[in-house]
Every structure is written in C-alpha cells, then in structure tokens.
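See below for the structure under consideration.
The values are calculated or read from the model by the stated rules, or taken from the named source; none is laboratory data. All values derive from a computational prediction rather than experimental measurement. Cβ placement follows ideal geometry from the backbone for every residue including glycine, while neighbour counts extend to all protein chains displayed. In case anyone asks, the SASA skips ligands and DNA or RNA and just uses the protein heavy atoms, side chains included. Shrake-Rupley method; radii C 1.70, N 1.55, O 1.52, S 1.80 Å.
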Amino acid sequence: MRQQLFEFVLQLADTSLVLGHRLSEWCGHGPVLEQDLAMANIALDLLGETRSLYQYAAVLEGQGRTEDDLAYLRPATAYRNPLLVEQPNGDFAHTVVRQFLFDNYHYHLLLALKDSPDAPLAGIAEKSVKEAAYHLKWSSEWLIRLGDGTAESRQRLDKALATLWRYAAELTTPTATEAALQDLGLVPDYGALAPAMQAHAAHVLAEATVPTPQFAPFAQRGGKGGQHSEHLGYLLAELQYMQRAYPGLTW
Amino acid sequence: MRQQLFEFVLQLADTSLVLGHRLSEWCGHGPVLEQDLAMANIALDLLGETRSLYQYAAVLEGQGRTEDDLAYLRPATAYRNPLLVEQPNGDFAHTVVRQFLFDNYHYHLLLALKDSPDAPLAGIAEKSVKEAAYHLKWSSEWLIRLGDGTAESRQRLDKALATLWRYAAELTTPTATEAALQDLGLVPDYGALAPAMQAHAAHVLAEATVPTPQFAPFAQRGGKGGQHSEHLGYLLAELQYMQRAYPGLTW
Amino acid sequence: METLEKDLSRDDQFQARIDADVRIEPKDWMPDAYRKTLIRQISQHAHSEIVGMLPEGNWITRAPSLKRKAILLAKVQDEAGHGLYLYSAAETLGASRDQMLADLHSGKAKYSSIFNYPTLSWADMGCVGWLVDGAAILNQVPLCRTSYGPYARAMVRVCKEESFHQRQGFEIMQTLCAGAPVQKEMAQEALNRWWWPTLMMFGPKDSESPNTEQSMKWRIKRFTNDELRQKFVDMMVPQAEFLGLTVPDEKAQWNEARQAYDFGEVDWNEFWSVVKGNGLCNHDRLQARVQAHEEGAWVLEAALAHAAKRAAREAVAA
Amino acid sequence: METLEKDLSRDDQFQARIDADVRIEPKDWMPDAYRKTLIRQISQHAHSEIVGMLPEGNWITRAPSLKRKAILLAKVQDEAGHGLYLYSAAETLGASRDQMLADLHSGKAKYSSIFNYPTLSWADMGCVGWLVDGAAILNQVPLCRTSYGPYARAMVRVCKEESFHQRQGFEIMQTLCAGAPVQKEMAQEALNRWWWPTLMMFGPKDSESPNTEQSMKWRIKRFTNDELRQKFVDMMVPQAEFLGLTVPDEKAQWNEARQAYDFGEVDWNEFWSVVKGNGLCNHDRLQARVQAHEEGAWVLEAALAHAAKRAAREAVAA
C-alpha cells in the first residue's frame, strides 16, 4: 500500500512539475503582460504543489531521496505524468485548452482528495485546491473568450480542442495503482468525479458556443504508465541539465 | 604554441559541431526530400571534420581527454565557436544564409590551411576542403535561387540577410590566439583570404540580384572568446544530455 | 467478346511470365490491379522510409557519443535515400510524387505503423535497428526477387543497407548489455516496449489477410504474414538470450516438436487501433510531415521560378 | 506678454513646490518638459522590467533545484508586476500603454542596456540579482522620494521587492562560492562578465550627461551618475572580497585619502555601442518582445470582442 501510495504521489508530482514547466516557458513571451503574469502565477502554484508532493513521496519511499533527486534524476520512461501535460505550448489557445482540461480534473480531484484518510495527502490537497479553483476560473474564462471572441480565436480554439481533447480521458482512467488505492478509499473514485467535471465542461463549452468534442475512439493514454510522447525527453533534457552536469552539488 | 594550437583546433571543432548540430535538427523536416538529404549530408561532413579536429586537439592537449570529453563535458562558456553557427535554424532562408556565410569562410580557410606547416592540421584541411567546396556550391546555388526566385523567397532571404550578416565579420576577425598563430605562419592571414571571399560573395549576391548588405557598425563578435548568445546553452543541454546523465559509460 | 478474350489471353500471358520468373518492366503490359497493388505497396514503403526518419531523427541531437551520432545520422540519411528511389520506382508505374505525398498527408495512404511508436531512450536506437530493421529485412528480402523489375532492383539496394543498419542496431544493444547495470536496464526496458509492435509489422494473421493470395500469385509477396512472423521469432528469441535480455512474452518457448518457438498472441486490438490512427505518435508524425511540406512549399516554388527565369534568359541569350 | 508672465509664475510656483518637497500629483499643473521627461523615464523603466524578464526567464526551465526554480520564477513574476505598475504610473501622465509599447517595439524608446547581455550560466542568476539589482536599487532608492507622487509610490514597492531579490542573488553567489571548485569558478566567470556592464548602469560620466542638472532641479534625480557609481563600487568590492571573488579590475583598490575605492575606466565605446543597438542580445530581446506582441494580438482582440458581445447581450437582457 505504501508503495502504491508512493507511486500515486509521484505521478501527481510529475504531472504538476511538467505542466508547470510548460507554463513557465511562456514567461516573458505571453500575449499580454497580464496573462504572462497569470501563467507565471499558475506555474508557481503548480511548482509549490510539486515540491510538497515530492517531499511526501520521498518520505513514503524512505530511501533518503530528496525532492530534487526525484525531479532531476529519473529518465523519461520513469516519469508518470499523463500525456496531456507534456504536450507543447503551441499557441495561446493550445495552452488554454490544455490548462482547462487539466484544471477541470485537478480541481475536482483535489476537492475529493482533501477528504482522503491519508492525512499528508489530504493536507496538500487542501492547500492546493484553492489555487486550483483559481486556475480553473482562469482557463474557463479564457476558453469562453476564445470560443465566443473573434473568428480567428474560434478557429484557433477549435484546432486546439481537436488536437488536445484526445488526451483528456487518460486523466481519469485509473491505472492499476490508482484502482488499488481507490479500493482502499485513499483515492477518490474517478467515476464519482465525472458528473461534476462534465457539468463544468458542458457549462463552459456552452458559454464558449462550442459543441462538445467527441474523440472517444482516439483517446490517448500511456504517460501514467511511462509510455510518453517524444516531447518529454526534450523537456527533461532542459529541466535536468544542471543536476546531470554537476551531480551531487548544493545550489 | 602547442596550447594556442590546441585552442585554435578546439575552436574549429566546436564550430563544426555546433553548425552540424543545427543542420541535423532539420533531419526529417526539410522543405523537400532532396534538401533534407543535402542538409543531412553537410551535417555528416561537418561531424566527420569535428571528430578529426577533437581527436587532434586531444593529442595536442595531452591530458588524456577524448573527442567525447571535449564535445560533451564543457559548459557553454568554454565553447569557442563564433556566434553565427549557434544561431537557430529559422526558416530555410535563414539556414541557407547562415550556411553560405560559413561555407564561404570555411572553404577559403581550409584551402589555405591545407598548406599549413602543421601536418595534422593540413591533413584534416585537405580532406575537408573537398567537402567544403560542395557545401559552398550548395549554399551559393540556393542563395541565388531564393534571391532570384519568387517575391516571397526574396523577402525571406532579405530578412535572413538582415538578421545574420552581422555575424559574418567575427569569422575572420582574429582572436589573440589566432593572431599569434598567424604570426607563426601556422594559420593563414585572414586578410589574405578576404579578396577571394569577397569576390565569391559579390558574384553570388549579384546572381541573386541582391545588393551587398552593409552592417559594419553592427558586427557582432564574442563567441570565439566564450561570450555566446543564449541559444548555445539550450543546444548543449540537448547535445550533452546523455553524457551528463550517465557519466563515464561506453556507448 | 473478342476484346475480353484478348484481355484474358494477355492476363494469361502475363501470369505465365510471372510464373517463369521473368521480370516485368515499366513498358510491359500489366493488369490494372497489378499496377494499382504495386503503386500502393511501393508508395507505402516509400512513405514508411520518410516517416521512419522521424523516430530515429529524434535522437540525432542527443546521441551519447560523436561516433554514434555520425552512424545514426548516416542511417537516417540512408532512409531518405531509400524513400527517394522507392518514389522513383513508383513513378515508373505512372504515379506522381505529388499525388503520393498528397495521399500520405490526407491520411489516404498508409505507412508502417511501427513508426507510430515513440523513441523514448537511447536504447530505442538499438531496438529500432535490431528488431524493426530485422523485421523489415525479413519482409523485404523476398522482394528482391519480386516480379516487378524496378521494385526488385530498388529492394536489392535497400536490403543491403538495411542489413548494415540492423547490425549497427544489434551492436548498440550489445554495448548496452555489456555496459553498466543502468544501460542493461535501458536495453531491457526498450525491448519490452518494442517486442510486440515489431511482431505486428508482419501484418494481420493469414486468416485476416485477404490480399495475400493474389499477391503471392503475382510474386509480389513470397511468404505469408504468419510464416514471416514465425521466422522472426525463431531468429530473435535466441539473439535476445545471447544479449542476456528477456522477450516480454512468457509463452516464447522452444517447441521441440515443431522445431520452432511458440509465442503468445499479438494484441490485435492494439494493432488495428494504431493502424486506424490511434497510436501514440500518429498525430505527431503526420503533423510533422504535413508541416515540413507546407512550410517548405515556398522553397520549391522559388526553385521553379528561378529555373524558369534562368531558362528564359538563356533562350534570349541564345 | 501677460500669458508668458502667468506661465513664468506657474513655473516658479511649480519649482517652489518641488523645492519644498511637496509631491506633484496627476491633476496638478506641471511644465511640459517635466511631464515629457517623466514619461520617458518611467516608460523606459517599465520597459526595462519587461525586457529584464528575458535574461532571467532564460534559466527558469534549467534552474538546478526546485527551490531555486520557485524563487527565480517568483522573481521574474515580480518584474512583470513592476512593469505593470510603472506603466500605470506613466498613464497618470497621459501616456497610453499602446503608444509606450509601440515606441519600445520601434526602437524609439529605450530600456536598460544591461539586459542586452546574455545569461550564460546559472551563476548569472546570482550576478544579476547581486550586481544588477544592486545597481538598480542604488539608482532607484532616491526615486522613492522623487517629486512625482505616483512614481515615488510605485518605487517604494519596487525597491522593497528589489532588495529582496538582491539578497536572493547574493545568496546564490554565496552558495556557489561555498560549494565545489567548479561552482566557484562559475561564480568568478560570471562576475568577470557582469562587473563592467553593471558599472555602466549608472549612465555616462557626469561630464557627458547633460540632462542631469535639470533632473536634479526637478528632484527626479537626486545623485549624479558618478556619485552613484562610486557608491556602488564602494559597496560591491568588499562584498566580492567577502565571497572570495576578485572584481576584474586591477585598479580597484582602496584609496585611504579619498576614503573610497579607486577603479578603472569603463569602456565607454562598448557602452555607446550597446546603447545604439549593437549588444549581443539587442536584436534577440527586441525580437522576443515584438514577437510576443504580434503573436498575441489576436488574443487581445478576442478578449475585446467577447467583452463587447457580452455587454451587448447584457444590454438586451436588461
């Protein structure tokens, strides 16, 4: 059980780290200063959550590894983030759609996780759920603006939805580890999260005047099992460069 | 003298490695299959030259370092390539202009270097100059096609020239090391290369119907002294990742 | 009625040439179905070479030594070359490269599904060479004797280079397996990912492969999918053992009675799902090709415009 | 004649308020030259914050620990915030953000030349915090008492955060200097590159700085360039010594008679060359800003279009 919880916490940590990394790539290059700030802010929240999760994972593992060991010294095939979050930024519409799909899952997951009988995990969720609520508000509002904005923004949004929707299902498709933890009641039943997630998505898409995308037969998964897209390797080469180049030092 | 020759050979090796890396980024993404092949071919030639140069540099240094140690285990600030070759690929016009500026220098340098009294260096130059002649032919022909092609190709070429011409002067501006080796007659006087280089550039630009760009006051230099643009760090993070992540292994 | 008999007789004559192992050449008469089948197969093969540049191209900039980088770059360059002469072979049948590319980009034409799997570690460069090229060679060696001349001659060259590539891939695996524990783990992890997809490279089971019979009759194909798959397993299981690796299939055991390896059932759901576009990389691969083509269009236009200008100038000068 | 006298008297009154250290507020009358000088200075300052995000943003994805990554990201975010409230301060003088950005993108408006130097190693994050923010604070602390109210209040907040950033930068340097030899070398190498450019941050020599007198009279400026540069050297040379580093200037020696550090001559050719656009990163920095602006234009348009649609719907509903 401890091993499974370790794996699950690691999966969450990898997910926040990778998405935070992607958002931080926008820093200094955002479409307007206010949104540059907003994305840096979300990246910072995710990074904070990442650190708490890795620290807890390190405790669960009990092998003396640190948060930095876990983040910087594992190869791509050991990373457990779902495919969605490693997808490149693309244009702002891609970033917004990726964020919306993640936030809708992340917020509802944390909302349930904060009642987990595992106190440390519940504590992290309790702290992060407030931030996640703000993230979901931000990405929902932007999805609406882009959908119900100009012809160009709508076209870009449609393309982003067509590209990214296929990665949504993996978020709530339990791995064997997640299923085992769900049976133990440590992790919420994803099926139980679905109505609230679907209701929110339906509301936002309706406001955005966008029909719900249908990509069921093309749902992509693999990342949570270590089967990633080729994008992750480049991301990690950059993220891990310093720790790889100068092993064992203090910064 | 041996130390200076080591530095010079290292500078040439870094230069070929970095430009070859840039060209190889096109592999599988070239504008047409034939040019994909041509760029891979040039990249391969440059990589071959790189290896000969690093191997010779390692001998000159006499510290037991290998070609891979020299390529994979030095930070950006220790790299000695001129700024031109680390500039990103941009569109095909940028790649062609970067290549033309480099080839025009590289070919004429090797042509003179093959008469260097330093036998190993002369040997490397002798082998590479034939390849460099082909490279210069390729980039010259493409510069002409783009300049005297369509309105769009001309516009893209002009933009590439405006962006990259400022990096040309560094190639033939001797560093203290180069000047010392020139005094010793081991390295050709760059001033003596200038007429042939200028004549070739003038001929190609005329065929391309492009006026010679004038950017003298904005000539950029620094790379040969270790002052790079921020592009090099990312390139090296990728290039060096495996050796950094798994130090000391055989592949 | 006369025409029909004449056609029948042409068909018979054609088949007689095939049966006598006489090569069909571009100018020879051939049945439409033969031509279409060949165009589909050769262009698909050409597309596979071009798309196949991407998973290996993905590691050129990150190769762990300069020597490996040079070998890998040369290999990917060879694949571009294979693509070029396969497109040329298809052109001898009346297909145009533009149309073949348009079919690739629209999703109408296929390429080998194996390239819809990602390359995630350096060991994948070993597995792609050793297993993927190994399977390709088994598929392709019989094609050196295929009935259509230009295709057969192209395949002779392709197979020669492929077997060189395959040895390089095996050598990468050998080096990893003789290296540090972390390298051997990397090799095993890659084998785990690539084993089943390479078994799929031989196509559906014979019972699900309706075209096999006609293709064999035309000597475009000389072995069935299942025959080749068995041959592959029989070849690779001992090689994996030699490397000290384990193929991820508990059923892969020597069968003394059959004098062959038994092996488990391929996940055909996954096979069809990837064929239909749902592999991890289908979208990215096609996107990369389409993008290269669209973003490169102006280059080709410029080259054509310049050639036309030059020709006009030379005409005036003459 | 009467108007002129009235204006003169307004000018006198204005100067009298300045001399009495009374804050000028947006609705107060002010001379055109004062307004223009302030708009130029504040917008330049805002641009510097925004362009200044780039050299540090360059290391966010490569920060060597999660903690340092979080600190750096927060710092760059603060800079975006500074940019925002400095643009607001300039807007109180009648400048529009659109116009200020257009001037930045066309090259008409300047930003601090220090950001035209590249960040090449992690130690640069230390030097930028320690030296660049250190120099900025010396330039900016007097601005907390500057005569124009909104600017002065913005600077109070900016300076508070900057001094926090400066301490973080120094801490990076301390960690490097207390670390492995390779880390200390990295710190020294970065100091060698940043030392002289930071001395240039105080602007040209007083004898070459014609605007200083008027700016001091208006209390937009309170110390001369050379005074601040001396103050900086006097502060930083001992800090470098404390770190065990050597500033790259043999002339940097304590002068007992002056009770100050002597130091060498700044390379003013380099200074003017970078100001004129010839720094290593001028082109890339401006390009990055222009590109973000151009590629982001559709986002702003969409937001405005949506707001208009929503307002129209609400008007109908009301």
Report task. Would you be able to say whether some residue in segment A:212-219 is of a type outside the set (D, E, K, R), under 30 Å from D:Lys69 (Cα atoms), out of contact with any strand residue (DSSP E or B) (no Cβ under 9 Å at 6 or more places or on another chain) and not in a loop (DSSP other than H, G, I, E, B)? Result -> no
Query raised in the report: When only residues in segment B:88-103 that are open to solvent by 10 Å² or more (accessible area, probe 1.4 Å) and touching a Ser or Thr at 6+ places or on another chain (Cβ under 9 Å) count, which is farthest from B:Ala162 (Cα to Cα)?
Result: B:Asn89
Query - Condition check for A:Leu10: more than 24 Å from B:Met242 (Cα to Cα), over 12 Å from the mean Cα position of the chain (by Cα), buried (at least 21 other Cβ atoms within 10 Å of the Cβ) and more than 13 Å from every other protein chain (Cβ to nearest Cβ) - result: no
Query raised in the report: Restricting attention to segment A:22-33, which residues are in a helix (DSSP H, G or I) and more than 7 Å from every other protein chain (Cβ to nearest Cβ)?
Result: A:Arg22, A:Leu23
Query - Residues (under 25 Å from D:Ala303 (Cα atoms) and either among the small types (Gly, Ala, Ser) or without any contact (Cβ under 8 Å) to a residue 60 or more places away in the chain (or both)) located in segment A:80-133 - result: A:Gly90, A:Ala93, A:Asp103, A:Tyr107, A:Ala132, A:Ala133
Report task. May I ask you to list pairs of residues, at least six apart or on different chains, whose Cβ atoms are under 7 Å apart, with the first in segment C:91-119 being within 24 Å of C:Asp133 (Cβ to Cβ) and the second being part of a helix (DSSP H, G or I) and at pLDDT below 95? Result -> C:Ser113/C:Val274; C:Ser113/C:Val275; C:Asn116/C:Val274; C:Asn116/C:Asn282
Query - Count of residues meeting criterion [out of contact with any helix residue (DSSP H, G or I) (no Cβ under 7 Å at 6 or more places or on another chain) and either in contact (Cβ under 8 Å) with a residue 12 or more places away in the chain or among the small types (Gly, Ala, Ser) (or both)] in segment A:42-71 - result: 3
Query - Hey, A:Gly48 assigned to a helix (DSSP H, G or I), farther than 25 Å from A:Ala168 by Cα and not hydroxyl-bearing (Ser, Thr, Tyr) or not - result: no
Report summary line: Counting only helices (runs of 4 or more DSSP H) wholly inside segment C:222-318, the ones holding at least 3 residues that are in contact with a strand residue (DSSP E or B) (Cβ under 8 Å, 6 or more places away or on another chain) are C:225-243
**Report entry** Scan of segment C:66-86 for residues that are open to solvent by less than 10 Å² (accessible area, probe 1.4 Å) and within 8 Å of chain B (Cβ to nearest Cβ), ordered by number
**Finding:** C:Leu66, C:Leu73, C:Val76, C:Ala80, C:Gly83
Query raised in the report: From the list B:Glu170, B:Glu126, B:Glu131, which one is assigned to a helix (DSSP H, G or I), touching a Lys or Arg at 6+ places or on another chain (Cβ under 6 Å), of a type in the set (D, E, K, R) and surrounded by 17 or more Cβ atoms within 10 Å (Cβ to Cβ)?
Result: B:Glu170
Query - Residues of segment A:194-209 that turn out to be open to solvent by less than 20 Å² (accessible area, probe 1.4 Å) and either acidic (Asp, Glu) or modelled with pLDDT under 95 (or both), as a count - result: 0
Report task. Any chance you could count how many residues in segment C:141-163 are β-branched (Val, Ile, Thr) and either more than 24 Å from C:Leu93 (Cα to Cα) or open to solvent by less than 40 Å² (accessible area, probe 1.4 Å) (or both)? Result -> 2
Query raised in the report: Pairs, please: C-beta under 6 Å, at least 6 apart or cross-chain, first residue in a helix (DSSP H, G or I) and in segment C:133-150, second among the aliphatic types (A, V, I, L, M)?
Result: C:Ala135/C:Met201; C:Leu138/C:Leu228; C:Gln140/C:Met155; C:Leu143/C:Met155; C:Cys144/C:Ala152; C:Cys144/C:Met155; C:Cys144/C:Val156; C:Pro150/C:Ala89
Query raised in the report: What number of residues in segment A:80-92 are farther than 23 Å from C:Met186 by Cβ, assigned to a helix (DSSP H, G or I) and either of a type in the set (S, T, N, Q) or within 14 Å of chain D (Cβ to nearest Cβ) (or both)?
Result: 1
Report task. Could you figure out which of (1) under 24 Å from D:Ala123 (Cα atoms); (2) touching a residue at least 24 places away in the same chain (Cβ under 8 Å) isn't true of D:Gln230? Result -> (1)
Query raised in the report: For segment C:12-47, which residues satisfy the criterion of being of a type in the set (S, T, N, Q) and either closer than 15 Å to C:Cys144 by Cα or in contact (Cβ under 8 Å) with a residue 12 or more places away in the chain (or both)?
Result: C:Gln15, C:Thr37, C:Gln41, C:Ser43, C:Gln44
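Results for (1) in contact with a Ser or Thr (Cβ under 8 Å, 6 or more places away or on another chain); (2) open to solvent by less than 30 Å² (accessible area, probe 1.4 Å); (3) within 14 Å of another protein chain (Cβ to nearest Cβ), shown as yes or no for each residue.
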| position | (1), (2), (3) |
| --- | --- |
| D:Ala109 | yes, yes, no |
| D:Trp122 | no, yes, yes |
| D:Gly134 | yes, yes, no |
| D:Asn139 | no, no, no |
| D:His165 | no, yes, no |
| D:Ala190 | yes, yes, yes |
Requested in this report: Being open to solvent by 10 Å² or more (accessible area, probe 1.4 Å), more than 14 Å from chain C (Cβ to nearest Cβ) and touching a helix residue (DSSP H, G or I) at 6+ places or on another chain (Cβ under 7 Å) narrows it down to one of B:Thr150, B:Thr77, so name that one.
Outcome: B:Thr77
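Each row is one residue, and each column tells you yes or no for (1) open to solvent by less than 30 Å² (accessible area, probe 1.4 Å); (2) at the interface with chain A (Cβ under 8 Å from one of its Cβ atoms); (3) under 27 Å from D:Val51 (Cβ atoms).
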site	(1), (2), (3)
D:Gly264	yes, no, no
D:Leu280	yes, no, yes
D:Ala288	yes, yes, yes
D:Glu294	no, no, yes
D:Ala302	yes, yes, yes
D:Arg313	no, no, no
